[in-house]
Amino acid sequence: MTSQHDDRRPGASPLLTACRFLILLVMLIAIQREGTVSLAQTPVRDPRPGVEEPTGTSSLSGSVMDSDKNPVRRATVSIEGDMRVSQTRVTDEEGRFAFSNLPAGRFTVTADKAGYPSMAYGAKRPHRAGAGILLGEGQAAANVVLTLARGAVMTGTVYDDHGQPLPEVAVQAWAVNTSLAGERTLKMGSQVVESDDRGVYRIFGLPPGDYTIGTAWYFSGLDARVPTDAEIREAFEAVTRPGTPRPTAAPTPPPTKYSYSRTYYPDSVDPLAAQVLSLGPADARDGIDLHLQFLPTSHIEGTVIGTDGSPAHGVNMVLFRHNRVGANPTTFFFAQPTGHFTTGSLPPGPYTIFAQTSATQDAPRLWALQDVTLGGPEPAIVSLTLQPAMIITGRLTFDASTLQPPDPTKVIVSLMPLQGTNAPLNPDQRPTIDASGMFTLRGVTPGRFTLRAVVPGAAARPGAPVWSVGSVTMGGQDVTDLPLEIGTANPPPVTVTFTDRVSTLSGVVTAPAGQSGSDYFVVVLPANSEYWAPLSRRIRSTRPGLDGHYEFVGLPPGEYGLAATTDLDPSDLQDSSVLAELAAHAVHVTLGLGEKQTFDLKLGGGGSAPR
């Protein structure tokens, strides 16, 4: 949820930060020597070396202030224009900035500084696009004020299981979100810090939101071996009575290994059970301590058996925890040529282990899937028996009104695993399609998928007829744009029907004062939340032109909500809580197949009737 030019915020690339620092240092030296250089007029960098930017007679100037109306010195101010304009300035002692020789057009203005989340002019929250500033030829936009609020701060101490501070532990703030499936998820932020010699960490510059603190995604603990009492006694006896023959003892099982587990505030090993903290602007929370647990680790080991009952070879293995979130990375590894596999040390918890082979000309893809729960130091011993992957068969049909049906063999059909499912790897991506439109998609493993089908080639002009998916049925049931549940048996046949009838939804956005609503984003989303899926073609956003005109081309027929907002980030369209908020204020629109509907949005007064 960040601006495209938020490269000075905490957690940015160290190399980029160092480069900016060196450039600023050179500028400051120049100021001391010349005494006449104005930071408000001096670009930090040439934004696009070698690219000639358009120029004009317009200008834009203003100031950056903090929440208490004090000037923010040395803040970075960036502008992005419709006419390929990208420039950056640094504010002076009074927080002022200025851009000159600009062409006419719409400009987005963004300010940021270390410790302050990036803020765009007209945005309600940090890391949002905000409102644009329209400049006519020769027009001067003065007194543009951007307000930077200090980011929130979280600090605390990392302790071990005995209450002693732990240094050099990687800690990060995890943003708490809601997936399109309605599940709570954690998303890693840009900042990762290490606890110091006192075990103390400090994370700053956080935008308002819901967070939890936890170890970083790559934290792996110690994986330490603790000697047993018998081993310690034997070691002391060997020292105190050297040369004494040791009695023959029965082999003992390998000792248990221990490790500091990944931990989330305050002491949970389950990231989804962590305590959530709601932070506002400039909030400072201390005492957000992490209590790491020194737990016995275990592992999963076993053998992968082929379809003929012998150990399999060439097997790719995938391990992930249930409720996969960014805090629980997926592990990829290989089984040995003998079919035997062993995972690394794992903390207690529920896991899924997945095995598969690659398809060859002589053999299909094989797979095996098993849930495993680790509850103590004892390893889990499993035996995975491979079985042939599923096959999806179907046919392509074309409902033509203008275009000639295309060559079916050129159509691209694929399955895309939905996030958070037990389908870690894609099936074979190139189905076999014959001239009659019959297709076979092999190598399908269990999970939840979305089906994609595309006829290559673009329309000659916007709004011209083009082939798009009109419907998808499986076993006679309409599953268009809905997740496909693939089990352990071959699913029923699929029919994909393409249509060349293009639906268009367009209109004009008018702001409450009657002016053009070009500063808004228009969002269209399905009225039925069952269609709220990642990368859905039914969920879209666009920014109107300078005249307030918006247009969506190629939406599937159905019931939609249409909403306008100035506070949108592309990632918001993958968050069900944001979609629910937009849906609550949306106006209802019904779009038929091939229909070209016009619907004006008069903000502050609801939407007009379709015309």
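Counting other beta carbons within 10 Å of each residue's own, what order do Y211, Y265 fall into, fewest first?
Exposure proxy ranking, most exposed first: Y265, Y211.
Tell me, how many Å apart are the Cα centres for the stretch 156-226 and for the stretch 260-314?
Using only Cα atoms, the two centres lie 11 Å from each other.
Of G130, A140, L166, which is farthest towards the positive pole of the stretch 129-198's charge dipole, taken about the Cα centre with +1 and -1 on the beta-carbons of Lys, Arg and Asp, Glu respectively?
It is A140.
How much length is gained on full extension from E559 to Q477, taking 0.36 nm per residue of separation minus their Cα-Cα distance?
27.6 nm
Using a/c under 1.5 as the rounded threshold, could you call the stretch 284-406 rounded, prolate or oblate? The axes a ≥ b ≥ c are square roots of the C-alpha gyration tensor eigenvalues, and prolate needs a/b larger than b/c, oblate otherwise.
oblate
Grab the Cα-Cα distance for S577 and E183, subtract it from 0.36 nm times how many residues apart they are, and report the gain in nm with one decimal.
Residue separation times 0.36 nm, minus the Cα-Cα distance, leaves 140.8 nm.
For the stretch 485-552 and the stretch 128-146, compute the distance between their C-alpha centroids and round to whole Å.
29
Measuring from label point to label point, each 7 Å out along Cα→Cβ, what is the R543 to A359 span in nm?
The two pseudo-label positions are separated by 4.3 nm.
Using R₀ = 30 Å, calculate the FRET efficiency as 1/(1 + (r/R₀)^6) where r is the Cβ-Cβ separation of H291 and F333; round to 0.05.
Result of the calculation: an efficiency of 0.45.
If you take the square roots of the eigenvalues of the alpha-carbon gyration tensor of the stretch 257-345 and sort them as a ≥ b ≥ c, do you get rounded (a/c under 1.5), prolate (a/b over b/c) or oblate?
Since a/c reaches 1.5 and a/b is larger than b/c, the shape of the stretch 257-345 is classed as prolate.
Sort D92, D270, D407 by Cβ crowding within 10 Å, fewest neighbours at the top.
D407, D270, D92
Compute the Cα gyration tensor for the stretch 441-598, then decide on rounded, prolate or oblate, letting a ≥ b ≥ c be the square roots of its eigenvalues: rounded whenever a/c is under 1.5, prolate when a/b is larger than b/c in the other cases, and oblate in all that remain.
Verdict is prolate for the stretch 441-598.
Calculate the spin-label point distance for H340 paired with D160, positioning each point 7 Å from the Cα along the beta-carbon direction, and give it in nanometres.
Label at D160, label at H340, 3.4 nm between them.
Going through the stretch 53-160, which trypsin sites (Lys or Arg not before Pro) have at most 16 other Cβ atoms within 10 Å and a DSSP loop state?
K69, R73, R74, R84, K124
Arrange M154, M390 by Cβ neighbour counts within 10 Å, fewest through most, would you?
Ordered by Cβ neighbours within 10 Å, fewest first: M390, M154.
Hey, rough spin-label estimate for T385 and H585, points 7 angstrom out along Cα→Cβ, what's it come to in nanometres?
For the pair T385/H585, the computed spacing is 5.8 nm.
Laboratory data are not the source of any read-out in this text; all were calculated from the coordinates shown. Treat the numbers as computed from the prediction; the structure is a model and nothing was measured. Cβ atoms come from the backbone with ideal geometry, glycine included; neighbour counts cover every protein chain shown.
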